[in-house]
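Input: a single structure, listed below in structure tokens.
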């Protein structure tokens with residue numbers, strides 16, 4: 001489940017489509033379809049982000065010693081593991 005509500009994702013999709021239209025970046029023969037596709041892509045993006053966040057949190061929790069969330073060490077490890085995972089996914 002995404003951290004953003006359906007209404008927030010819908011709002012973002014509308015903003016995206018509006019900016020594309022204003023910038024004359026594309027012609028929409030079917031604006032409803034463009035909104036639907038924008039929402040789908042946003043859902044997938046935030047779902048992937050949530051899955052990645054969960055994976056990284058599990059990695060940190062699986063360490064032999066407890067590292068409190070929000071601590072400097074936890075933040076450093078989170079960024080390190082995030083960069084590692086993003087590199088893995090690009091391959």
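Read the figures in this text as sums done on the coordinates, not as results from a lab. Because the structure is a prediction, the values reported are computed rather than measured. For neighbour counting, all protein chains shown are included, and Cβ atoms are generated from backbone atoms with ideal geometry for every residue, glycine included.
Observations on the structure shown:
- Extension gain for residue 26 to residue 8 (0.36 nm times residue separation, less C-alpha to C-alpha distance): 4.1 nm.
- Cα convex hull of the range 6-90 - mean projected area over all directions, nm²: 7.7
- Among 76, 17, sorting on how many other beta-carbon atoms sit within 10 Å of each Cβ, with the fewest leading, yields 76, 17.
- Taking 30, 75, 18 in turn, the Gaussian network model of the chain (Cα-Cα springs below 10 Å) assigns the largest fluctuation to 30.
- Using a simple spin-label model with pseudo-atoms 7 Å out from Cα toward Cβ, residue 90 and residue 15 lie 2.6 nm apart.
- Between the helical axis of 72-90 and the longest alpha-carbon principal axis of the chain there is an angle of about 50 degrees.
- GNM flexibility winner over the chain from 77, 55, 63 (Cα, springs under 10 Å): 63
- Measuring between their Cα centroids, the range 53-73 and the range 12-48 lie 36 Å from each other.
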